[in-house]
Amino acid sequence: MLTVFGRSQRFCDGVSRRSFLKIGAFAFGAYRLSLADIARAEQSRGVASSSHKAVINIFLGGGPPHQDMWDLKPDAPAEIRGEFKPIATKVPGIQIGETFPRIARMADKCVFIRSVVGARGGHDAIQCFSGWPQESLRAMGGRPSIGAVAARLQGAVDPSVPPFVGLAAATGHRPWSDPGTVGFLGPSYQCFHPDGEGLANMKLNGINREEMGDRKLLMARFDHMRREIDSSGAIQGADSATVQALNVLTSSKLLDALDLSKECPKVRDRYGNGKPYQFQFDGAPTVNDQLLMARRLVEAGVRCVTLSYGRWDSHGKNFDLVRDHGAKLDQGFSALIEDLEDRDMLNDVTVVAWGEFGRTPRINKDAGRDHWPQVSCALMAGGGMRTGQAIGATNRLGEYAVSRPVNFGEVVATIYHNLGLNPMTTFIPDPTGRPQHLVDQSAMKELV
């Protein structure tokens, strides 16, 4: 636990030196690591932070229907084309589904990928977050996700803010809330879960509600703790990693980023909250507020934010689901892009929204679409990419890619490129010491 107020060797103001210096473990998945351990691992690599590039990776868990979103088939038979009509966008010649009018108006800032191929068919985010299938290097822990790689190679932008944050709350089908695996890199590079034990551990025990509300008193206590520690000489022997851990505790930057009440009400209204949650079942809710939180986290210094948005496994009532999820995603995604642009962050932040596979061209007896790994779709924006494009195409029925098939690894390679990591020349040693590529694809030449 991250404890500040303990019960042994207490100072006159009630502060325990022992518990304060034992700045304990954040919760990272099944592991427990001290902040000092993580900082030491970063120091051992000689990481030096440079420009702050970032990615917000929005996982549409369950498999969104490509032919009802970015790749409509108005000339197909009724049992294929479904209920939605295409609408024009700001980019001449590009049409998308009628559920997304806001995104249509900013299509010049977006990339619609209509030909994502290579899905292995699992109900999980592994390929969206790493670019690799689950089986790759499984014996040594699997491939690391984008966030874990960024934490390993680029480290923290700010010592008080973790480089990799996963916002998804637990889902009934657990793989839909996986924030991205650490793979063979080891637990030091797991993401921070604000919704879990990690956030609770950052709260200062022994301070009542009134004291927490008095920021002057709180800062005075921190200053007093620092003076007591320094005068005792205890901190002189501590390594700089422990000092970094102390910085995390005494900084409010991360907690402030997670506190949406600090955001302008007009901005919060622009995003919406995605409620009421519909069609959630064992998946994620439509968390528009997490899109806003993601922007705030990136602004605070996070390099990679992942979240799970909605449950798109539409075996039944597909069109009702898309009307609900699609309209909310349209609001939240467009607000995020506008917000990033307003803050001069859009060229530095890559935003991607995609799922694990597509859905069947033919509508089933329950007005649903079933699993279709043959082809799927993705929506991208920002990152300094050449936007205002629709890439790839499927055949008349939306069954398979007929031009420019795009592999999951190519999208992830593009994200790495946007983060400042060359996917062709950057390697990470695996536990045997063998260098491993970040992905086995190059960045998309259309975008970079």
Can you divide the C-alpha Rg of the stretch 321-448 by 2.2 N^0.38 Å and report the result to two decimal places? 1.25
I need the phi-derived Karplus couplings for the stretch 57-73: 6.51 cos²θ - 1.76 cosθ + 1.60, θ = phi - 60°, integer Hz, Gly and Pro marked x. 9, 9, 8, 8, x, x, x, x, x, 4, 7, 10, 10, 10, 9, 5, 10
Excluding GLY61 itself, what net charge comes from residues whose Cβ is under 12 Å from its Cβ, given Lys and Arg +1 and Asp and Glu -1? -3
Under the definition of Cα pairs under 8 Å and six or more residues apart, what whole-number percent is the relative contact order of the stretch 323-420? 23 percent
Stretch gain in nm, segment LYS445-ASN347, where the contour uses 0.36 nm per residue and the Cα spacing is subtracted: 33.6 nm
Go through 131-137, 323-329, 183-189 and give me the packing order, highest mean Cβ count within 10 Å leading. 323-329, 183-189, 131-137
Calculated FRET efficiency, SER136 and ALA170, Cβ-Cβ r, R0 25 Å, to nearest 0.05? 0.45
Solution diffusion estimate, µm²/s, Stokes-Einstein, the stretch 84-186, Kirkwood Rh from C-alpha pairs, 10 °C, viscosity 1.306 mPa s: 96 µm²/s
Let me know the Rg and Dmax you get for the stretch 48-112 when you use only its Cα atoms, in Å. 15.6, 57
Take the cross-link list LYS73/LYS445; LYS73/LYS266; LYS53/LYS85; LYS109/LYS266 and give me the ones stretching past 30 Å between alpha-carbons. LYS73/LYS266; LYS53/LYS85
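According to the Kirkwood expression over distinct Cα-Cα pairs, how big is the hydrodynamic radius of the stretch 299-348, in Å?
Numbers: mean 1/r = 0.0771 Å⁻¹.
Mean inverse Cα-Cα distance, inverted, gives 13.0 Å.
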Vicinal HN-Hα couplings computed from phi for the stretch 351-364 (Karplus, 6.51 cos²θ - 1.76 cosθ + 1.60; Hz; Gly/Pro x): 10, 9, 10, 6, x, 6, 6, x, 9, 4, x, 7, 6, 7
May I ask for the distance between the Cα centers of the stretch 274-303 and the stretch 319-383, given as a whole number of Å? 13 Å
Applying the Karplus parametrisation 6.51 cos²θ - 1.76 cosθ + 1.60 with θ = phi - 60° to the phi angles of the stretch 414-430, what ³J(HN,Hα) value in whole Hz is obtained for each residue in order, glycine and proline being reported as x? 5, 4, 4, 4, 5, 7, x, 10, 6, x, 8, 10, 9, 10, 10, x, 7
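If you average over every viewing direction, what projected area does the convex hull of the Cα atoms of the stretch 320-369 give, in nm²? Don't skip to the end; give the middle numbers.
On the way: hull surface 17.9 nm².
For the Cα atoms of the stretch 320-369, the hull's average projected area reads 4.5 nm².
Probe of 1.4 angstrom, ligands and nucleic acids ignored: what's the accessible area per residue over the stretch 95-184, in square angstrom?
32 Å²
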Amide H within-cut-off set for PHE192, under 5 Å, with H built and near neighbours excluded: PHE164, VAL165, GLY166
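Given the Cα atoms of the stretch 256-409, and with Rh set as the inverse mean 1/r over their pairs in the Kirkwood sense, what is Rg to Rh to two decimals? Kindly include the intermediate steps, with their values, before the conclusion.
Numbers: Rg = 16.9 Å, Rh = 17.0 Å.
A ratio of 0.99.
Of LYS90/LYS317; LYS317/LYS365; LYS275/LYS328, which sit over 20 Å apart, Cα to Cα?
Details: LYS90/LYS317 30 Å; LYS317/LYS365 10 Å; LYS275/LYS328 8 Å.
Pairs exceeding the cut-off: LYS90/LYS317.
The values are calculated or read from the model by the stated rules, or taken from the named source; none is laboratory data. This structure is a prediction, so every number in the text was calculated from the model and none was measured. Quick reminder, even Gly has a Cβ in these numbers, built from the backbone with ideal geometry, and neighbours come from all protein chains shown. Ligands, DNA and RNA are excluded from the accessible area calculation, which covers all protein heavy atoms including side chains. Shrake-Rupley method; radii C 1.70, N 1.55, O 1.52, S 1.80 Å.
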